[in-house]
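Heads up: the structure comes next, in structure tokens.
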Amino acid sequence: MYFFGAYDVGADTLWGLPYEHQTQGEVLDFFILLRQRYPEDQRLYIVLDNRSAHTTPAILEWVRRNRVTLVLTPTYASFLNRIECQFTPLKKFALSGCYHRNHAAQFAAIFRYLLETYHLAVEDILFVDDHEPNIVAARALGIETHHFRGAAGLRADLVARGLLVARGLLAEA
């Protein structure tokens, strides 16, 4: 499983979805869903690494038609992407110098850090993961969960919860 994440610099928010692969189709699906989060007349600048799936002819054509500019970081320079900055403090404050008796305790520490750092209320969160200890740790903190077993199941759950519109999904492509 891969996490496709988008960090909105202006709003200081992190958003993303899990995907089973990192193919052109999944990258394009993520871009379509990301584009839907912003007004159509607003140009989006997406900073990402130079993975070949990010710049296929189909993606470049979609980018051209949808007021999106791809900003590719140089090879071995992912630190230039502002989303990477989200992970350094997490490691420092939730993991470094800590001994956690098991993975569930370690995951709970990470989740607590994220809740406190981003001032999140557990009732506003749906936690999605494919790893049972993560699900257990999130539930122990009172967070609602979805145990990921496939993209189609997750999308169906998100649509059922009213968290995702049914258009523009990979399953319909």
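Read-outs throughout are calculated quantities, based only on the coordinates presented, and are distinct from any laboratory measurement. Fair warning: this is a prediction, and the values are worked out from it, not measured in the lab. Here the Cβ positions follow ideal geometry from the backbone for every residue, glycine too, while neighbour counts run over all protein chains shown.
Quick one: length gained pulling Ala58 to Leu70 fully straight, 0.36 nm per residue minus the C-alpha distance? Could the numbers behind the result be given before it?
Working: separation 12, 0.36 × 12 = 4.32 nm, distance 1.35 nm.
Once the chain is fully extended between Ala58 and Leu70, it gains 3.0 nm.
Cβ under 13 Å from Glu26's Cβ, Glu26 left aside: what net charge do those residues give with Lys, Arg +1 and Asp, Glu -1? Let's see the in-between values first.
Numbers: positive: Arg51, Arg155; negative: Glu20, Asp29.
Once positives and negatives cancel, what remains is 0.
What is the ratio of the Cα radius of gyration of region 84-147 to 2.2 N^0.38 Å, with N the residue count, to two decimals?
Numbers: Rg = 11.5 Å, N = 64, 2.2 N^0.38 = 10.7 Å.
Ratio of Cα Rg to 2.2 N^0.38 Å: 1.08.
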Please list the three semi-axes, largest first and in whole Å, of the ellipsoid equivalent to the chain, using sqrt of 5 times the eigenvalues of its alpha carbon gyration tensor. 29, 20, 15
Round to the nearest 0.05 the FRET efficiency obtained for Arg37 and Ala140 when R0 = 35 Å and r is the Cβ-Cβ distance. 0.70
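If exposed means no more than 16 neighbouring beta carbons inside 10 Å and the site is in a DSSP loop, what's the longest run of the chain without any exposed trypsin sites (Lys or Arg not before Pro)? Mind dumping the intermediate values first?
Values: sites that count: Arg37, Arg43, Arg51, Arg67, Arg101, Arg149, Arg161, Arg167.
So the longest stretch without any such site is 102-148.
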If every Lys and Arg gets +1 and every Asp and Glu gets -1 at its Cβ, then about the Cα centre the chain yields a dipole, in debye to the nearest 20, of 260
Charge tally for neighbours of Val136 with beta carbon under 15 Å away, counting Lys, Arg as +1 and Asp, Glu as -1, is -1
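Counting DSSP beta bridges in the chain, what percent are antiparallel, to the nearest 5? Kindly include the intermediate steps, with their values, before the conclusion.
On the way: 7 of 16 bridges.
Taking every DSSP beta bridge with both residues in the chain, the antiparallel ones total about 45 percent.
For a test of the definition: using alpha carbon positions, the gyration tensor, and the 1.5 limit on a/c, classify region 13-82 as rounded, prolate or oblate. Could the numbers behind the result be given before it?
Working: a/c = 1.30, a/b = 1.21, b/c = 1.07.
Because its axes are fairly even, with a/c under 1.5, region 13-82 counts as rounded.
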